[in-house]
Amino acid sequence: MKNLNWGHGLMIALGCFILFILTMIFTFPTGSENSDLVSDNYYEEELEYQKIIDAKENAAALAQLPTYKATPAGIEITFPEEILPDGNKVNFVLFRTEDSNLDVKKEVTLSNHRFNIPKQVISKGSYTLKLKWTENKKLYQVDYDIVWK
């Protein structure tokens, strides 16, 4: 057997490195993780995002914002009396970041400046509550982070 010099050692190290990289490429599955977009209509919503920014700025300028509280019946949303949505209609989205199948979207009519999201449609976990309404043809939006237990 010959003596190994530094050139042989370098070639052995390079060969081991190449084998390691090839092993990593072929043994680890690629693309098996769920890589869904946050929204199915991501690109269309991106174009409309300036309207959302304006709606949030409009809501931030209000003296009082809608409030929410957890009740045994669900989540109760209360609007201040100063806010009078057009047609008493409010859109809400309970957005679940982990699973879009648990999202809840609906347009409701306010009754005595409030409405309730029933607990039957809410699963335990973290949600983003998005309230959207128009008043005098001006769009408003408020977002709240909610943890339902």
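Every read-out reported here was derived from the displayed coordinates using simple, explicitly stated rules and does not represent laboratory data. Fair warning: this is a prediction, and the values are worked out from it, not measured in the lab. FYI the Cβ positions are ideal-geometry reconstructions off the backbone, even for glycines, and counts take in every protein chain you see.
Points to keep in mind about this one:
- For semi-axes √(5λ) of the Cα gyration tensor in Å, the value computed from the atomic coordinates appears in the list (1) 42, 22, 13; (2) 55, 19, 13; (3) 27, 17, 14 under label (2).
- Length added when fully stretched, residue 53-residue 65, from 0.36 nm per residue minus Cα-Cα: 2.7 nm
- Amide H contacts under 5 Å for residue 103, placed H, 5+ residues apart: 96
- Dipole moment magnitude, nearest 20 debye, the stretch 1-134 about Cα centre, only Lys, Arg, Asp, Glu C-beta charged: 520
- Along its three principal directions, the equivalent ellipsoid of the stretch 93-149 from the Cα gyration tensor extends over semi-axes of 22, 14, 9 Å, largest first.
- Distances between placed amide hydrogens fall under 5 Å for residue 62 paired with no residue 5 or more residues away or on another chain.
- A simple spin-label model places the labels of residue 103 and residue 89 2.0 nm from each other, with each point 7 Å out along Cα-to-Cβ.
- Projected label distance in nm at residue 120 and residue 18, using a 7 Å step from Cα toward the beta-carbon: 6.6
- Scalar couplings 3J(HN,Hα) for the stretch 60-68, obtained by applying the Karplus form with A = 6.51, B = -1.76, C = 1.60 to θ = phi - 60°, are 5, 7, 6, 5, 10, 10, x, 10, 9 Hz; x denotes Gly and Pro.
- Using θ = phi - 60° in the Karplus curve 6.51 cos²θ - 1.76 cosθ + 1.60, the 3J(HN,Hα) couplings for the stretch 124-137 round to 4, x, 9, 10, 10, 8, 10, 9, 10, 7, 10, 9, 6, 6 Hz; x is entered for Gly and Pro.
- Note on the stretch 66-112: percent of Cα-Cα distances in each 5 Å bin, starting at 0 and stopping at the bin with the largest distance, equals 5, 16, 24, 26, 17, 8, 4, 0.
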